[in-house]
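Participant: Handing you a structure now.
The values are calculated or read from the model by the stated rules, or taken from the named source; none is laboratory data. Note that the structure is a prediction, hence the values are computed from the model and not measured. As a convention, Cβ positions derive from the backbone with ideal geometry for all residues, glycine included, and neighbour counts pool all protein chains shown.
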Amino acid sequence: MQVVHTIADLRAALAPFDAPAFVPTMGNLHEGHIALVKQAKNLGDVTVASIFVNRLQFAPHEDFDTYPRTLEADCEKLAAQGCDIVFAPSEKDLYPEPQGYKVFPPTELADILEGHFRPGFFVGVCTVVMKLFQCALAQGKGPRTAVFGKKDYQQLMVIRHMVRQFALPITVVGGDTCRADDGLALSSRNGYLSAAERQEAVQLSLALKALAREALTTGIDLHQLEAKARETLDARGWASDYLTVRRRSDLLPPAPDQRQAGELVVLGASRLGKTRLIDNLEF
Ligand code: PAF
């Protein structure tokens, strides 16, 4: 496995290949990321993972400074999975000058849910993903496939939309969420949880499951069900941003006659102590 840090070295490493499969990450890799890499290995003639904690997608009060940086351990894990190339640029390599040009996703997709509670987040994500795709352009060829986790459901949707609107010749593939034995969605931020919080953390996915079940099996107004789900979780010590049922197609609330299995997703974001967790479930 080759570990490269500069755009020039990445392009040189990719030059012999026709169909790179790309897994962009922020590192601190867990089984969820490893599953994306395994998936990518079947989708191209070379597998590239990037590791870059992207300041642009963090608000000033968020955890950019404390976000775990574990490059050596990450590279060991990637090598063990047969990843071919790791691109781990420094901030200077990726942003040698302040990034004046940015990608602004449409507000109806990017200013709801995560984008509402983390203003600017999707501008940061789209800008860095677009830039990473350009960095992987070698000899006129770029990544043919890029794999992103469904755990970041809205992010996956925004990136698909960006790729489509910019006519990038990249197939965006979603990887299923990996869960711990108790059902907690794997996330680098789970590492922030205390032992007691870790025990409690599964309640977010349980609350989402319950909300999905009630959305299908009762005729009660969705706003009421969502408010009850938030209240129940918050009574356990959480501070919820949203627990909500949406259409998979556009992440907008379903009309009453659209409350049918197979079309919906329930999404949640909630803070346990200092840790903000997100999760979702298609149903
Ligand atoms: O999901 C992530 O890890 C990040 O948002 C991404 C897509 C690598 C962009 O920094």
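Participant: Restricting to region 126-146, name every residue that is among the β-branched types (Val, Ile, Thr) and in contact with a Leu (Cβ under 8 Å, 6 or more places away or on another chain).
Facilitator: Our first condition is that a residue be among the β-branched types (Val, Ile, Thr); within region 126-146, this holds for 127-129, 145.
Listed by number, the residues that qualify are Thr127, Val128, Thr145.
Participant: Considering His5, His61, which residue is away from the ligand (no atom under 14 Å from the Cβ), out of contact with any Lys or Arg (no Cβ under 7 Å at 6 or more places or on another chain) and free of Cβ contacts under 8 Å to residues at least 24 places away in the same chain? Working first, answer last.
Facilitator: Working: His5 fails: free of Cβ contacts under 8 Å to residues at least 24 places away in the same chain.
Of the residues listed, the single one that is away from the ligand (no atom under 14 Å from the Cβ), out of contact with any Lys or Arg (no Cβ under 7 Å at 6 or more places or on another chain) and free of Cβ contacts under 8 Å to residues at least 24 places away in the same chain is His61.
Participant: Among residues belonging to region 138-174 that are among the charged types (D, E, K, R) and farther than 29 Å from Leu243 by Cα, point out the one that is surrounded by the most Cβ atoms within 10 Å (Cβ to Cβ). Full working, then the answer.
Facilitator: Kept after step one, since they are among the charged types (D, E, K, R), are these residues of region 138-174: 141, 144, 150-152, 160, 164.
Narrowing further to those that are farther than 29 Å from Leu243 by Cα: 141, 144.
Details: Lys141: 15, Arg144: 18.
Among them, the one singled out is Arg144.
Participant: Sticking with this one: Residues in region 50-69: is at least one out of contact with any helix residue (DSSP H, G or I) (no Cβ under 7 Å at 6 or more places or on another chain) and hydroxyl-bearing (Ser, Thr, Tyr)?
Facilitator: Scanning region 50-69 turns up at least one residue that is out of contact with any helix residue (DSSP H, G or I) (no Cβ under 7 Å at 6 or more places or on another chain) and hydroxyl-bearing (Ser, Thr, Tyr).
Participant: Here are the criteria: (1) in contact with a Leu (Cβ under 7 Å, 6 or more places away or on another chain); (2) surrounded by 17 or more Cβ atoms within 10 Å (Cβ to Cβ). Tell me which single one Ala185 does not satisfy.
Facilitator: All conditions are met except number (1).
Participant: Quick check on my filter: what residues within region 135-151 are under 24 Å from Ser90 (Cα atoms) and within 14 Å of the ligand (Cβ to nearest atom)?
Facilitator: Selection gives Cys135, Ala136, Pro143, Ala146, Val147, Phe148, Gly149.
Participant: For region 119-140, does any single residue satisfy the condition of being within 23 Å of Leu277 (Cβ to Cβ) and of a type in the set (D, E, K, R)?
Facilitator: For region 119-140, residues within 23 Å of Leu277 (Cβ to Cβ) and of a type in the set (D, E, K, R): absent.
Participant: Here is a further query. Of all residues in region 64-76, which are away from the ligand (no atom under 15 Å from the Cβ) and charged (D, E, K, R)? Steps first, please.
Facilitator: Residues of region 64-76 that are away from the ligand (no atom under 15 Å from the Cβ), as a first pass: 65-66, 72-73, 75-76.
Correct list: Asp65, Glu72, Glu76.
Participant: May I pose another question? Of the residues Glu97, Glu108, which single one is among the acidic types (Asp, Glu), surrounded by fewer than 21 Cβ atoms within 10 Å (Cβ to Cβ) and in a loop (DSSP other than H, G, I, E, B)? Even if it seems obvious, please write down each step before you answer.
Facilitator: Details: Glu108 fails: in a loop (DSSP other than H, G, I, E, B).
After ruling out the rest, the residue left standing is Glu97.
Participant: Which of the residues that make up region 168-208 are in a loop (DSSP other than H, G, I, E, B) and either over 28 Å from Leu109 (Cβ atoms) or of a type in the set (A, V, I, L, M, F, W, C) (or both)?
Facilitator: Looking only at region 168-208, we keep the residues that are in a loop (DSSP other than H, G, I, E, B), and these are 168-170, 176-178, 180-184, 186-187, 193-194, 202.
Passing the criteria: Leu168, Ile170, Cys178, Ala180, Asp181, Asp182, Gly183, Leu184, Leu186, Leu193, Ser194, Val202.
Participant: Scanning region 111-167 for residues that are among the aliphatic types (A, V, I, L, M), more than 27 Å from Pro60 (Cα to Cα) and not in a loop (DSSP other than H, G, I, E, B), which turns out modelled with the lowest pLDDT?
Facilitator: So the first thing to find is which residues in region 111-167 are among the aliphatic types (A, V, I, L, M), and the list is 112-113, 123, 125, 128-130, 132, 136-138, 146-147, 156-159, 162-163, 167.
Filter once more, keeping what is more than 27 Å from Pro60 (Cα to Cα): 136-138, 146-147, 163, 167.
So of that shortlist, the ones also not in a loop (DSSP other than H, G, I, E, B) come out as 138, 146-147, 163.
Details: Ala138: 87, Ala146: 98, Val147: 98, Val163: 98.
Here the residue is Ala138.
Participant: Ok, one more. Only one residue in Arg246, Arg236 is modelled with pLDDT of 95 or more and part of a strand (DSSP E or B), so which one is that? Outline the logic, then answer.
Facilitator: Details: Arg236 fails: part of a strand (DSSP E or B).
Arg246 is the lone residue from the list that is modelled with pLDDT of 95 or more and part of a strand (DSSP E or B).
Participant: Now a separate question. Search region 215-227 for residues being in a helix (DSSP H, G or I) and without any contact (Cβ under 8 Å) to a residue 12 or more places away in the chain, and hand back the single one that is surrounded by the fewest Cβ atoms within 10 Å (Cβ to Cβ). Full working, then the answer.
Facilitator: In the first step, residues of region 215-227 are kept if they are in a helix (DSSP H, G or I); the result is 215-217, 222-227.
Pick out the ones that are also without any contact (Cβ under 8 Å) to a residue 12 or more places away in the chain and you get 217, 223-224, 227.
Values: Thr217: 9, His223: 11, Gln224: 11, Ala227: 12.
Within region 215-227, the match that is surrounded by the fewest Cβ atoms within 10 Å (Cβ to Cβ) is Thr217.
Participant: Step by step: first the residues of region 191-214, then only those that are acidic (Asp, Glu) and in contact (Cβ under 8 Å) with a residue 60 or more places away in the chain, then the one that is nearest to Asn28 (Cα to Cα). Which residue is that?
Facilitator: Step one: of region 191-214, the residues acidic (Asp, Glu) are 197, 200, 214.
In the following step, the residues that additionally are in contact (Cβ under 8 Å) with a residue 60 or more places away in the chain were identified as 197, 200.
Values: Glu197: 20, Glu200: 22 Å.
Filtering first and then ranking leaves Glu197.
Participant: Oh, and also: Would you please list the contacts, defined by Cβ atoms under 7 Å and residues six or more apart or on different chains, that run from a residue in region 164-190 that is among the acidic types (Asp, Glu) to a residue that is outside any strand (DSSP E or B)?
Facilitator: Going by the 7 Å Cβ cut-off, the qualifying pairs are Asp176/Lys150; Asp182/Val202.
Participant: Next question. Condition check: in contact with a helix residue (DSSP H, G or I) (Cβ under 9 Å, 6 or more places away or on another chain), in contact (Cβ under 8 Å) with a residue 24 or more places away in the chain and under 17 Å from Ala201 (Cβ atoms). Does Thr244 satisfy that?
Facilitator: Numbers: in contact with a helix residue (DSSP H, G or I) (Cβ under 9 Å, 6 or more places away or on another chain): yes; in contact (Cβ under 8 Å) with a residue 24 or more places away in the chain: yes; under 17 Å from Ala201 (Cβ atoms): no.
No: the conditions fail for Thr244.
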